[in-house]
1. Can you tell me which of 10-20, 162-172 comes out highest on packing, and rank the rest after it, using the mean Cβ neighbours within 10 Å?
2. Working from Cα positions, state the angle (0 to 90°, nearest 10) between the long axis of helix 60-74 and the longest principal axis of the chain.
3. Taking 25 °C and 0.890 mPa s as the conditions, I'd like the Stokes-Einstein D for segment 4-243 in µm²/s, using the Kirkwood hydrodynamic radius from alpha carbon pairs.
4. So for segment 127-167, considering every pair of alpha-carbon atoms, how many percent are separated by more than 14 Å?
5. Lysine pairs in the chain with Cα distance under 20 Å, only those 8 or more apart or on different chains: how many are there?
6. Under 15 Å from the Cβ of L216, count the other residues' Cβ atoms, weight Lys and Arg +1, Asp and Glu -1, and hand me the total.
7. Which of R225, R114 comes first, and how do the rest follow, when ranked by fewest Cβ neighbours within 10 Å?
8. For segment 4-243, calculate the relative contact order in percent as a whole number, restricting contacts to Cα pairs under 8 Å that are 6 or more residues apart.
Amino acid sequence: MTLRVFITGGSSGIGFELARQYLESGAIVGITSRDASRLEYFGQRWPDRAVLLKADVRNMVSMKQAAALFLSLHGVPDLVYANAGISIGNLTWQEQDVPVFEEILDTNVTGMVRTFQPYIAAMRQRGEGKLVGIASIAGFRGLPGASAYSASKAAAICYLEGLRAELYDSGIRVITICPGYVDTPMTSENPYPMPFLVPVAKAASGIIRSVETGRLRYTFPWQMRGIGMLLRMLPDRLHAFLFSRAPHKPRRGD
Ligand SMILES: NC(=O)c1ccc[n+]([C@@H]2O[C@H](COP(=O)([O-])OP(=O)(O)OC[C@H]3O[C@@H](n4cnc5c(N)ncnc54)[C@H](OP(=O)(O)O)[C@@H]3O)[C@@H](O)[C@H]2O)c1
């Protein structure tokens, strides 16, 4: 049986590479972007197996339409990836950053909910399926200058935990992916060193392998997994002191 996969944010970075690798392996892949012209590469190379979908994870109607089209063409997907996400610096005392905070939370957290929601009834009926959320090690502790992003990824991790328990007896597996730094357009503008930066193709192949095994959480690379565990144990005062001089993610317009 041909694997069927649905991926949000397939126009760039991790989502693009996940889609490419699944298509290379023979899968049928539904790929979303807010601008369908950014998905032409897939349509040209795999016209019969790449389903190109214009959709915005901030808009429930558009996510329902994208899911309905995929379901009508290929049936219930085996895997649904909530990958689309944004990262922009923010500072709470800057009033113009408040809408940025809202945009990040809405895209990275509620966008995940809007991605999974249209598929859950059909997956439940089938008694199987995997829902994969791309969170981040940035969700382990608050990062200065990127508190909205950290908060969104911490929320995503907790959301996925809650969903996993809700679907415990349904046959649906909920999988949390926590990458460290991955070399994509999201990180290319970061004006600070990014330890253990992972090439995007390696990140995607690791995610695909891990999802195949069915493990519930995959944090990579292993060096950052270790650093993340240490960060979680830091007392609050020490965390604040150590991070007080950390460089910041650029804000919109910087
Ligand atoms: N790169 C890293 O180091 C890293 C580390 C940890 C976690 N992550 C997470 O991995 C995921 C992918 O990141 P990336 O590095 O691959 O970023 P990226 O290269 O900037 O790609 C982001 C993707 O998200 C899509 N997107 C953004 N807003 C959207 C919206 N409202 N509706 C639909 N799609 C939207 C974009 O598509 P369009 O603009 O075409 O719509 C694009 O395809 C994100 O959730 C990110 O937080 C990344």
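All of the numbers you see were taken from the coordinates with simple rules; none came from a lab. The structure displayed is predicted, hence computed values, not measured ones. Please note: Cβ atoms are built from the backbone with ideal geometry, for glycine as well, and neighbour counts cover all protein chains shown.
1. Sorting 10-20, 162-172 by mean packing, highest first, produces 10-20, 162-172.
2. Value to nearest ten degrees: 40.
3. Working: Rh = 18.3 Å.
Translational diffusion coefficient: 134 µm²/s.
4. On the way: 403 of 820 pairs.
Of all Cα-Cα distances in segment 127-167, 49 percent exceed 14 Å.
5. Details: K54/K64; K64/K130; K130/K153; K153/K249.
Close lysine pairs under the 20 Å cut-off: 4.
6. Values: positive: K130, R164, R173, R209, R215, R217, R225; negative: E161, E166, E212.
Charge balance in the 15 Å sphere: +4.
7. On the way: R225 16, R114 25.
The order, fewest Cβ neighbours first, is R225, R114.
8. Working: 411 pairs, mean separation 43.1, N = 240.
So the answer I get is 18 percent.
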